[in-house]
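Structure record follows, encoded as structure tokens.
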Amino acid sequence: MPTGHFIEEKAELVIVSMNNPRDKKYEEAVIKDNLFHRRLSDMRNSMITQETLNAMAELNRPSERTIFSEPEATKTTLTHEDVERIAFYDELAPVYNFRYLMRKLDREMRRSKRYNRPLSVLMVYFQNLMNIGRNYSVKALDESIIWVGNTLNSQTRLDVDMVARFGDDRFILVLPETPGNGAAIVAERVRKKFEDNPITYMWHKIHIEASVGIAYFPGHGTDARELVAKADLATDLVVARGGNGTAFCPE
């Protein structure tokens, strides 16, 4: 078949195809669809500003937190009472912490030496206090430590004397303006108080015994740390004799 005749025949097929009503409707539908999408695109482009794009980007930004992330720490504001509690007092017992008591004892020692005034230190050891946690519960131990602190406070002059926690089962009392014989009276009163008054926890009556060591200025030294060490040594002497007693450190 000649090439020219083939081209003419193809052109005729195209014309026939374009004249077909079904093909014409299809083309019109395509044109209308393209026009619709073009208008929609123009409308979106006119509405989306840079601010809108920035907002969308922020919303779609991957979050740094997931359902498995830990919650953000809440900022807490400490009150003056909170700061005072942390700086001066024991974390559990209603008494001073040992660091703050040593600062106060150093000051009292300087005053005692300057004006030649007496000063005594008592170390109170509770041999079976820590057994409460093992025999009853941790809550029972916490309540017992609080009770011990309150009881020691009740046996001292809170406007003059100082009570602090020295260790897990030891408390220290600083008695300004108190000579050795006066300290012995306080020590015996403290010992008797714990002997006669058990701790009440639920339906339990828990007995703890106090062993009290005594050191005083100027008989046992002129340094605050020396007095504390000698009072602690006197407590060990009481425990060696069976506990539940009082004793002076040897001069």
Self-check item: Near-label residues of region 196-227 by backbone N, under 19 Å of a point 7 Å along Cα→Cβ of Asn181
Solution: 214-220
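Taking other Cβ within 10 Å of each residue's Cβ, how do Leu233, Leu158, Leu175 sort, fewest first?
Starting with the residue having the fewest Cβ neighbours, the order is Leu158, Leu233, Leu175.
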Practice problem: Please work out whether region 80-248 counts as rounded, prolate or oblate from its C-alpha gyration tensor, where a ≥ b ≥ c are the square roots of the eigenvalues and a/c under 1.5 means rounded, while otherwise a/b larger than b/c means prolate and anything else oblate? | Solution: oblate
Self-check item: Three-way shape call for region 181-235 based on the alpha-carbon gyration tensor, with the a/c threshold at 1.5
Solution: prolate
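So which trypsin sites (Lys or Arg not before Pro) in region 212-244 end up in coil per DSSP with only 16 or fewer other C-beta atoms within 10 Å?
Arg241
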Quiz item: Long-range amide H contacts for Gln155: which residues qualify at under 5 Å (H placed 1.01 Å from N, peptide plane, sequence gap of 5 or more or a different chain)?
Solution: none
Quiz item: For Thr246, which sequence-distant residues (separation of 5 or more, or a different chain) have an amide H within less than 5 Å of its own amide H, given hydrogens modelled in the peptide plane?
Solution: Val212
Practice problem: Determine, for Phe126, Phe171, Phe88, the number of other Cβ atoms within 10 Å of each Cβ, and report the residues in order from fewest to most. | Solution: Phe88, Phe126, Phe171
Self-check item: Cα gyration tensor category, rounded, prolate or oblate, for region 104-174 with a/c compared to 1.5
Solution: prolate
Quiz item: Using the count of nearby Cβ atoms within 10 Å as a rough guide to exposure, how do His204, His220 rank from fewest to most?
Solution: His204, His220
Exercise. Whole Å is fine, so just give me how far the alpha carbon centre of region 211-250 lies from that of region 91-158.
Key: 15 Å
Quiz item: Between Lys104 and Asp168, what length comes free when the chain is fully extended (0.36 nm per residue of separation minus the Cα-Cα distance, one decimal in nm)?
Solution: 20.9 nm
Exercise. Note the full-extension length gain between Met130 and Asp196 as 0.36 nm times their separation in residues minus their Cα-Cα distance, in nm to one decimal.
Key: 21.8 nm
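Only the coordinates and a few stated rules stand behind these numbers; no lab work does. Given the structure is predicted, the values throughout are model-derived calculations rather than measurements. Glycine gets a Cβ as well: all are built from the backbone with ideal geometry, and neighbour counts include every protein chain shown.
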